[in-house]
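The values are calculated or read from the model by the stated rules, or taken from the named source; none is laboratory data. What you see is a predicted model, and the numbers here were worked out from it, not measured in a lab. Cβ placement follows ideal geometry from the backbone for every residue including glycine, while neighbour counts extend to all protein chains displayed.
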């Protein structure tokens, strides 16, 4: 774990398994923040001044997530495992993906427990692709030139398809 001595850390920071955690020089961490293993709170520039994230009170950052630059993660927000956040996040939001996308926000975002179900976070990209496949199939049927059916993914797995690179 690497914590720069210039970082400002509020009361009640909880680092669950510190392996690989990096907290940069101008990082500011509010009270009662939780970081899981492999989190990076990093900078994106070599200029002097504020260049690392600010995590406000009650933020939770999931395993392997990267929060980069002088961005602000609002109070009680959640950053999903392996997300890469490079833009400000409002309070009470849930952010997942690469780049990080807000999937839920408002006063009903989780605020009671610091934990959330990392394994049940939505597959934003997979859901978007499934919606596009459905839309293309609908348009092809209307045009009178349907193509072979591509099955929608089942829990992130596209059955019968080999998308290996």
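Per-structure values
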{"read-out": "Subset of the range 38-85 [more than 16 Å from residue 8 (Cα to Cα), in contact with a strand residue (DSSP E or B) (Cβ under 7 Å, 6 or more places away or on another chain) and in a loop (DSSP other than H, G, I, E, B)]", "value": "39, 44, 62, 63, 65, 74, 77, 80, 83"}
{"read-out": "Of all residues in the range 1-15 being loosely packed, with under 14 Cβ neighbours inside 10 Å and in contact with a strand residue (DSSP E or B) (Cβ under 6 Å, 6 or more places away or on another chain), the one that is farthest from residue 75 (Cα to Cα)", "value": "2"}
{"read-out": "Restricting the range 60-117 to residues that are buried (at least 22 other Cβ atoms within 10 Å of the Cβ) and in contact with a helix residue (DSSP H, G or I) (Cβ under 9 Å, 6 or more places away or on another chain), the residue that is modelled with the lowest pLDDT", "value": "96"}
{"read-out": "Residue within the range 124-133 that is in contact with a strand residue (DSSP E or B) (Cβ under 8 Å, 6 or more places away or on another chain) and at pLDDT below 80 present", "value": "yes"}
{"read-out": "Filter result for the condition that a residue is farther than 22 Å from residue 103 by Cα and in the same structural domain as residue 104 (by TED's automatic domain parsing), over 34, 27, 40", "value": "27"}
